[in-house]
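Values quoted throughout were computed directly from the atomic coordinates according to the rules given, and no laboratory measurement underlies them. Quick caveat: nothing in here was measured; it's all calculated off a predicted structure. Glycine also receives a Cβ, built like all others from the backbone with ideal geometry; neighbour counts cover every protein chain displayed.
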Amino acid sequence: QVQLAESGGGLVQAGGSLRLSCAASGRAFSTYTMGWFRQAAGKEREFVSAISGRGGTTSSADAVQGRVTISRNNVQNMVYLSMDNLKPEDTGVYYCAAGGRFSRLSRDYDYWGRGTQVTVSL
């Protein structure tokens with residue numbers, strides 16, 4: 001079993017930057033694809049970015065393309081989401097997730113963190 005804990009969320013101004021962190025417990029961390037999803041108030045959860053187990057493959061949603069970088073440190077069991085040029089539409093709860101395959105679909109992820117709030121103000 002994998003337990004995930006997000007951190008790094010907060011209130012930032014538009015155009016600012018933020019780095020979210022996700023700490024994973026348990027072993028075999030490097031066998032899991034790690035993904036970031038977000039959910040704005042009143043909206044469906046949406047894919048943000050994913051990274052394969054060894055970090056060799058990444059994928060990001062069109063809405064954040066060029067503004068986010070996903071990375072991981074398998075020695076420390078950490079995954080990060082670095083966000084630049086933040087916009088108000090980036091506001092939402094950001095979730096870290098672990099899954100058995102590289103995917104952009106939330107249903108392919110088995111473990112989820114509790115989320116961290118990101119609020120981008122004008």
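Within segment 7-32, the set of residues being without any contact (Cβ under 8 Å) to a residue 12 or more places away in the chain and on the phi > 0 side of the Ramachandran plot comprises ALA28 only. Residues in segment 1-20 that are within 17 Å of ASN77 (Cβ to Cβ) and more than 14 Å from the chain's Cα centre (by Cα): GLN1, VAL2, GLN3. Meeting the requirement of 3 or more residues that are surrounded by 13 or more Cβ atoms within 10 Å (Cβ to Cβ), the strands (runs of 3 or more DSSP E) wholly within segment 10-122 are 18-25, 33-39, 46-51, 58-60, 68-73, 78-83, 92-99, 109-112, 116-121.
Examine segment 64-77 for a residue that is closer than 19 Å to PHE29 by Cα and in contact with a Leu (Cβ under 6 Å, 6 or more places away or on another chain), and state whether such a residue exists. Yes, because at least one residue in segment 64-77 is closer than 19 Å to PHE29 by Cα and in contact with a Leu (Cβ under 6 Å, 6 or more places away or on another chain).
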